[in-house]
Amino acid sequence: MQAMKQFITTDEKLRQLVHALSKNAWNIISAGKEGTNFIYINDGKDLVINADSKPTKLSAKEFFFPKTEPLFFYKKNHDGVDLLDPKDVLRKTVLFGVKPCDAAAVPVMGKVFNWDYKDEFFNRRVEQTVIIGMACSYSDVYCFCTSTGLSPESSKGSDVFLKPAQNSSYIAEAVTPKGEAFVVEFSSFFDAANENDVKLLLNSPKGPEKKFDANQVKQWLDGHFEDPLWNEVGETCLGCAQCAFTCPTCHCFDIVDESCGYNCGRRVKNWDGCQFGLFTKHASGHNPRGHQPERYRQRISHKFKYYQDKFGEILCTGCGRCTRGCPVGIDIAEIAQEINKRNSVLV
Ligand code: SF4
Ligand code: SF4
C-alpha cells in the first residue's frame with residue numbers, strides 16, 4: 001500500500017485557508033463555536049478545529065443527505081405537466097474538523113445510496129465535498145467508536161486527516177486523491193512534512209474502552225428475531241426518533257408531494273425514522289411493526305445485522321449521539337453489551 005502523503009500546517013494557516021477558499025467561492029463548513037451544529041462560515045476566525053470538543057448535537061450528514069430536499073418541481077400546463085429540476089448549483093465545499101465517527105459515516109451511507117439505485121443527489125454532494133477529518137481526543141461515557149472498528153485516529157471517510165502536533169500545528173495526511181488534489185491546489189497552506197515535523201505529533205488519543213463485540217452482537221441477532229429483550233428495551237422508547245435524526249448513519253427518508261396551489265408543486269425527500277409508528281404503516285391500515293418493541297428491534301437489527309448482511313459493515317460509528325440525547329436514557333451500547341452477555345461472551 002502506498003504511504004499516505006504527509007504535510008504540516010498550523011492553526012493560523014488553516015484560518016488563512018478559509019479566507020482563500022471564501023475568495024474562491026467555496027462553501028466552508030465548520031462546527032459552530034458553541035459546538036451544537038456544523039455551520040457555514042466565511043471568516044477564518046470562525047473556524048473551530050478542536051480535537052477535545054464533544055461531538056456536535058447533529059452530525060455532518062445533512063450536508064450530504066439534507067433534512068429536506070426537492071427532487072423536482074411540477075407545473076401543469078394546457079397539454080400536461082412540466083417537470084423542472086431543482087436549480088441547486090452545488091459549489092465546491094470543504095467540511096473542516098470532522099471527527100472520525102462522523103467522517104466514517106459518509107462511505108457507510110454511500111453503500112445504501114449506491115445499491116440498486118445511484119442517488120445522484122447524495123453522490124454529487126460527496127463528490128463536491130472535501131472532508132477534512134481530525135483526530136479526536138474527546139471521550140465520554142456515551143462514546144464507543146472502538147467497539148465499531150474505528151478509533152480516535154481513523155481516517156475512514158476523510159479526504160485530508162489532521163493530527164494535532166506541538167505549537168498549534170497539525171500533521172495533515174492526504175488520504176484520498178481528492179484530498180491530495182486539494183492540498184496541492186492550496187499548497188501555500190500546507191508544507192511537505194519531514195521527519196522532524198512528524199516528531200512534533202502529540203501522543204495518540206486513547207479513545208473509549210471497547211464496550212462490546214459487534215460480531216457477537218450480530219451472531220446473537222441472527223437467531224433472536226423473537227426475544228423477550230425487545231419488550232424490555234422497546235417498551236420505554238417514546239418513538240421520538242431523536243436517535244435517528246442525530247445519527248450520522250441513519251438514512252430513512254420519506255418522499256411526499258407538496259402542492260403550492262392549484263397547478264404546481266414539488267416532490268420532496270424528507271428525513272424519516274424507523275421509530276415512528278407511521279413509518280411502516282400501509283395504506284390499508286396494517287402496520288407490520290405495530291408496536292414500539294418491534295420498531296426498536298428494527299433499529300438494533302438494522303445497525304448490527306441487516307446492514308452487515310447486505311453491505312458487509314455495521315451501520316454505527318459509535319458516536320454516542322443516540323444515547324446522549326435519548327429523553328428516556330436508552331443506551332445502545334448497553335443493549336449491545338447485554339446482547340453480548342446473552343451470547344455468553346465476556347467482553
Ligand atoms: S431517542 Fe430514545 S425514545 Fe426517542 S426514538 Fe430513539 S430510543 Fe426511542
Ligand atoms: S447508532 Fe447511535 S452511536 Fe451509532 S452512529 Fe448512530 S447515533 Fe452514533
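Some points to look at:
- Applying both filters, DSSP loop and at most 14 other Cβ atoms within 10 Å, to the GluC sites (Glu not before Pro) of segment 11-116 gives Glu34.
- Amide H contacts for Ala165 (H built 1.01 Å from N in the peptide plane; partners 5 or more residues away or on another chain; cut-off under 5 Å): Tyr170, Ile171, Leu202.
- Rounded to the nearest Hz, the phi-derived 3J(HN,Hα) couplings of segment 188-197 under the Karplus curve 6.51 cos²θ - 1.76 cosθ + 1.60 (θ = phi - 60°) are 6, 9, 9, 10, 4, 8, 9, 4, 5, 4, where x marks glycine and proline.
- With R₀ fixed at 56 Å, the C-beta to C-beta distance from Asp222 to Val198 puts the FRET efficiency at about 0.80.
- Order of Met109, Met4, Met134 under a 10 Å beta carbon neighbour criterion, fewest first: Met4, Met109, Met134
- Those residues of segment 245-269 whose amide nitrogen sits under 11 Å from the label point placed on Lys75, 7 Å along Cα→Cβ: 264-265
- Estimated inter-spin distance, Lys281 and Asn24, nm [label 7 Å along Cα→Cβ]: 5.1
- Placing a pseudo-label 7 Å from each Cα along the Cα-to-Cβ vector at Trp115 and Glu334 gives an inter-label distance of 3.1 nm.
- DSSP bridge orientation in the chain - percent antiparallel, rounded to nearest 5: 75
- Segment 202-246: projected area of the alpha-carbon convex hull, averaged over directions, in nm²: 5.6
- Global geometry of the chain, whether rounded, prolate or oblate, following the gyration tensor of its Cα atoms and the 1.5 cut on a/c: oblate
- For segment 1-92, the relative contact order comes to 21 percent (Cα pairs under 8 Å, sequence separation of at least 6).
- Residues whose amide H falls under 5 Å from that of Lys5, counting only those 5 or more places apart or on a different chain, are Ala174, with hydrogens built in the peptide plane.
- Flagged links, alpha-carbon separation over 20 Å, of Lys57/Lys99; Lys99/Lys210; Lys57/Lys310; Lys99/Lys163; Lys118/Lys269: Lys57/Lys310
- Order of Ser284, Ser169 under a 10 Å beta carbon neighbour criterion, fewest first: Ser284, Ser169
- Reduced Cα scattering model of segment 171-309, Debye log10 I(q)/I(0), q = 0.11, 0.17, 0.19 Å⁻¹: -0.72, -1.01, -1.15
- Here Tyr142, Tyr306, Tyr262 are placed in order of increasing Cβ neighbour count within 10 Å, fewest first, which gives Tyr262, Tyr306, Tyr142.
- 3J(HN,Hα) from dihedral phi, segment 114-123, Karplus parametrisation 6.51/-1.76/1.60, rounded to Hz, x for glycine, proline: 9, 8, 8, 9, 8, 7, 5, 5, 5, 4
- Sequence-separation-based contact order of the chain, relative, with Cα cut under 8 Å and 6+ spacing, percent: 21
- Under the Karplus curve 6.51 cos²θ - 1.76 cosθ + 1.60, θ = phi - 60°, whole-Hz ³J(HN,Hα) for segment 32-40, x wherever Gly or Pro sits: x, 4, 7, x, 6, 9, 7, 9, 7
- Relative contact order (percent, whole number), segment 33-192, Cα cutoff 8 Å, 6+ residue spacing: 20
Taken together, the values in this text are just the output of simple stated rules run on the coordinates, not laboratory data. Computed from a predicted structure; not experimentally measured. FYI the Cβ positions are ideal-geometry reconstructions off the backbone, even for glycines, and counts take in every protein chain you see.
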